[in-house]
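Engineer: The following block contains the structure, expressed as structure tokens.
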Amino acid sequence: MNNPLKQIPEMGQSIWLDYIRRGFLLNGDLKALIDNDALRGVTSNPAIFEEAIAHSDDYKETIMQLARTSLTNKQIFLNLAIEDVRTAADIFKGVYDATAGLDGYVSLEVSPDIALDTTATISEALSLWKELDRPNVMIKIPATFEGLAAIKKSISEGLNVNVTLLFGLQRYREVAEAYIEGLEERVKAGKPVDHIFSVASFFLSRIDTMVDPMLEKIITQGGQQADLAKTLLGKAAIASAKMAYQIYKELFFSERFNALREKGANPQRLLWASTGTKNKAYSDVKYIEALIGPDTVNTVPQDTLKAYRDHGKPAIRIEQDIADAASAMKDLEKVGLSIDSITKTLVDEGIEKFLKPFQSLMNVLAGKRKEATDLAH
């Protein structure tokens, strides 16, 4: 038990890995992390798949075969992604069974080019769920305004959903509401809800990456707000997360949800995402240490996982300094920063950050298709 990662599950939190690649699945590396580090899940996104497919030879032969078919470039990508997610889900089946469905999930995201299209998101979510054909997968749906109805519909249809690109507290409430409404709709139709699991992925480091330069500008300008701004550097993300956890408790320990719980419903856990530290001035385990607590998940990049294994100091801290977190959120407004406006911008940027690598991947696949066609002739 000297490995800090193996202590975290005893505190009610599950560690998932924000990474996927075919070679990593097939060479035993993923299984080793499950066995040695108590890893309990995997998340993927368009940027991760772009890195894996475009910058490795793991998929070369399969792409060459598929490139000779009538499949579109997007269909080729989905074919590759679905195969990887199925493989990873099978590796995690033991974790899924041992935790009675709480963990052992692998997440696959709907295409980023439909993030603002409710109907297309619902259609693709249902299609991916059917194609994956595994109980321990989650379909990632962005927490856009248009995504809310897609989340509700997907839950009502019995899908496991990982809500992604979540930054703001008000939007988090709306996401949780969509989840609860989806369950209620399902119960009303006389359908079971005990097998449905969901997480709400609250992105962290990107908040500080946007807020800190704004605070530094206020500090540079001097004046009354400068001193207050200094005290807020590096605090926005953790403060937001701690307040989100309070909302989680309010909603999922309410009389309303207890009625669903009696039908076997599971709360939608908060998942801390974007937990790799981007500012070198901060601890490389900053976004794990402060937010360990019951009913939570932390999905980490490989480097952060290694760092925590090396020097993590696990303890339940999610409800420490709640008053300070609430004050920090108010103080950000006092120095003239609108968190609602900032988080809306972050959602828009988040879609763009996934759209660019997705489009890049489509271009790579178009090139591979031409290469395969040329070889055939």
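Engineer: Need one value: the accessible area of Glu250 in square angstrom, 1.4 angstrom probe, rounded to the nearest 10.
Structural biologist: 100
Engineer: Can you tell me the FRET efficiency between Glu333 and Ala281 if r is taken as the Cβ-Cβ distance and R0 is 22 Å, rounded to the nearest 0.05?
Structural biologist: Values: r = 24 Å, r/R0 = 1.11.
For R0 = 22 Å, the calculated efficiency reads 0.35.
Engineer: How much accessible area per residue does the range 19-141 have, counting only protein heavy atoms and a probe of 1.4 Å, in square angstrom? Please report the intermediate quantities before stating the final value.
Structural biologist: On the way: 4980 Å² over 123 residues.
Accessible surface, normalised per residue, equals 40 Å².
Engineer: Here is a follow-up. Any idea what the dipole of the chain comes to, in debye rounded to 20, about its Cα centre with Lys/Arg Cβ at +1 and Asp/Glu Cβ at -1?
Structural biologist: On the way: 45 positive and 52 negative charges, 10 e Å.
Charge dipole, the chain, about its Cα centre: 40 debye, nearest 20.
Engineer: Does the range 25-133 classify as rounded, prolate or oblate by the C-alpha gyration tensor (a ≥ b ≥ c root eigenvalues; a/c under 1.5 gives rounded; else a/b over b/c gives prolate, otherwise oblate)?
Structural biologist: Values: a/c = 2.11, a/b = 1.31, b/c = 1.61.
Because a/c hits 1.5 or more and a/b fails to exceed b/c, the range 25-133 counts as oblate.
Engineer: Also: Within the chain, what whole-number % of the accessible surface is contributed by carbon and sulfur, with the 1.4 Å probe and all protein chains included in the calculation?
Structural biologist: Numbers: 8050 of 16080 Å².
The nonpolar share, carbon plus sulfur, comes to 50 percent.
Engineer: May I pose another question? Order Ser70, Ser360, most accessible first, counting only protein heavy atoms with a 1.4 angstrom probe.
Structural biologist: Details: Ser70 115, Ser360 40 Å².
Ranked from most to least accessible, the order is Ser70, Ser360.
Engineer: Related question: Note down the magnitude of the dipole of the range 1-158 about its Cα centre, charges +1 on Lys and Arg C-beta and -1 on Asp and Glu C-beta and zero elsewhere, to the nearest 20 debye.
Structural biologist: Details: 15 positive and 23 negative charges, 46 e Å.
Once rounded to the nearest 20, the dipole reads 220 debye.
Engineer: Run the simple label-point estimate for Lys6 and Glu61 please: 7 Å along Cα→C-beta, distance reported in nm.
Structural biologist: 3.6
Engineer: Same structure, new question: When a/c reaches 1.5 or more, the comparison of a/b and b/c decides; with that in mind, is the range 285-372 rounded, prolate or oblate per its Cα gyration tensor? Before the final figure, lay out the partial values.
Structural biologist: On the way: a/c = 3.93, a/b = 1.54, b/c = 2.56.
Oblate, since a/c reaches 1.5 and b/c is not below a/b.
Engineer: Given Lys278/Lys330; Lys191/Lys306; Lys74/Lys313; Lys188/Lys235; Lys31/Lys344, which pairs have Cα atoms separated by over 32 Å? Write down the numbers at each step before the final one.
Structural biologist: Numbers: Lys278/Lys330 24 Å; Lys191/Lys306 42 Å; Lys74/Lys313 43 Å; Lys188/Lys235 42 Å; Lys31/Lys344 38 Å.
Check vs 32 Å cut-off fails for Lys191/Lys306; Lys74/Lys313; Lys188/Lys235; Lys31/Lys344.
Engineer: Additional query: At what distance in nm do the modelled label points of Phe253 and Asp310 sit from each other, each positioned 7 Å from its Cα along Cα→Cβ?
Structural biologist: That separation, rounded to one decimal, is 3.7 nm.
Engineer: Continuing with this model, one more query. Quick one: accessible surface of Lys353, probe radius 1.4 Å, all protein chains present, in square angstrom to the nearest 10.
Structural biologist: Counting only protein heavy atoms, the figure is 100 Å².
The values are calculated or read from the model by the stated rules, or taken from the named source; none is laboratory data. All figures in this text were calculated on a predicted structure; none of them were measured in a lab. Counting neighbours? That spans all protein chains shown, and the Cβs are built from the backbone with ideal geometry, glycine included. With ligands, DNA and RNA removed, areas are computed over all heavy atoms of the protein, side chains included. Shrake-Rupley method; radii C 1.70, N 1.55, O 1.52, S 1.80 Å.
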